[in-house]
Ligand code: BG6
């Protein structure tokens, strides 16, 4: 048994996003959003990365699993009771912007949407679970995408300001922990998810992406200030998709290349949101890539005055970089590019499994910023098998999570101020990048499948009892409940 180092009051729980669980895509006055027009299956990843997505549904060719998802909209009470049974003291969820403002540009919010999240927060409170709310998680209202061009358009800053003001006023007595934009830096690889537009062409992709990101930096900084005014004891964080970037070998050219790639991807957004200014290295990067950001007077001051209170991150994989990679090498790496790391095994979806990378990530972030950290996503997407006796023996998931929690423990011993952990997809849900049900992350199995079949029945997996024991012992015992 390993020595525990998690502090008293450590936040243990799970994470989901509205569009991946709620379903009920046209109920309660909700408007369509980005996830509603993303098809299920292999086509999704291609559409996410290629320029020119048209945001129209094509029901003859594709399925749209987010429309029903796991029907959390109607099952939230049962699901929250299961989270409570595991011992969660925190639950990360997002609010679907288009439930609150169906089109995104209305003056008045939709009361039915607001009331739904009231019910969810009340249910969490009943079980002593602290909500951690992502304000925008890959679910920009479709109208803002089609009419305004998504975050390329400055007007979204004002619409977002109206949206967050409504949220902070409405939930000020119920929610203290907030995150502004999910995986804000993910836009460097997938502008569509976070920024709600598909690049016009490969040549203009970086220009459009960093313009959109600038608008989100301003919007996020405004949200932090508005949140602090309305909820003085709130804690508002940024959310980074963090992938420590290794050099393929000790060739200094490769080391420098890894440093540059890693800095733009992992740090640029954080430097702006946490330190309150564009970093000096961004000047050269913008010049060399013909990126010219249009700013309004006062933007830089807003950014300086709206820095976050804590840093949250998702961690799934590391990235290995090489300067002159062949096309074959370039395609054999992770979701976020790079080359294959010969020391790492990968998941069934090719994501390299690297628990030590999490310890490295936490150390790198804490060394740089000295702010409290929270791991708000981590987990293994895997195929699960329902046994004849109704059990799900997901030892591979337990193994993955155990090694990552152990790595967090080491980071805490290294001196990192880590305040919480919410495992991704604590209940099976629709995968963001592949639009599949089959890519399962949960401690709770949901009987729902890619062909549309399934009863939506919930079942506790083996990992459910394992995580329950981890939480009960505050991370002291990672070996599973006694007797196993
Ligand atoms: C993160 C997202 O990128 O990774 C989640 O914030 C997503 O929305 C998670 O579900 C896992 O990715 P995927 O593609 O396996 O669902």
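Each reported figure results from applying straightforward, stated rules to the coordinates on display, with no laboratory input. Keep in mind that this is a model prediction, so the values were computed, not measured. So basically every Cβ, Gly included, is an ideal-geometry build from the backbone, and we count neighbours across all protein chains shown.
Results, tabulated for the structure shown:
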{"quantity": "Burial ranking of peptide ranges 246-253, 142-149 (average Cβ count within 10 Å, highest at the top)", "calculated": "142-149, 246-253"}
{"quantity": "Extension reserve of the residue 27-residue 111 stretch, reckoned as 0.36 nm per residue once the Cα distance is removed", "calculated": "29.0 nm"}
{"quantity": "Burial order of peptide ranges 116-123, 40-47, 97-104, 387-394 (average beta-carbon count within 10 Å, highest first)", "calculated": "97-104, 116-123, 40-47, 387-394"}
{"quantity": "The chain: calculated mean residue ellipticity at 222 nm from DSSP helix runs of at least 4, using -39500 (n - 2.57)", "calculated": "-11000 deg cm²/dmol"}
{"quantity": "Extension reserve of the residue 356-residue 453 stretch, reckoned as 0.36 nm per residue once the Cα distance is removed", "calculated": "31.1 nm"}
{"quantity": "Estimated FRET transfer efficiency (residue 368, residue 60; beta-carbon r; R0 41 Å; 0.05)", "calculated": "0.25"}
{"quantity": "Relative contact order (percent, whole number), region 54-162, Cα cutoff 8 Å, 6+ residue spacing", "calculated": "30 percent"}
{"quantity": "Sequence ranges 31-37, 192-198, ranked by mean other-Cβ count within 10 angstrom, highest first", "calculated": "192-198, 31-37"}
{"quantity": "Cα→Cβ-extended label distance, 7 Å offset, between residue 477 and residue 189, nm", "calculated": "3.7 nm"}
{"quantity": "Theoretical gain in end-to-end length, residue 330 to residue 229 [0.36 nm per residue, Cα-Cα removed]", "calculated": "31.7 nm"}
{"quantity": "Calculated FRET efficiency for the pair residue 250/residue 393, C-beta based, R₀ 56 Å, to 0.05", "calculated": "0.85"}
{"quantity": "Shape call, the chain: gyration tensor on alpha carbons, a/c limit 1.5", "calculated": "rounded"}
{"quantity": "Mean-position separation - Cα centroids, region 304-319 and region 378-403, in angstrom", "calculated": "28 Å"}
{"quantity": "The chain: relative contact order in percent, alpha carbon pairs under 8 Å with at least 6 residues between", "calculated": "18 percent"}
{"quantity": "Shape category assigned to region 327-484 from the gyration tensor of Cα positions, a/c cut at 1.5", "calculated": "oblate"}
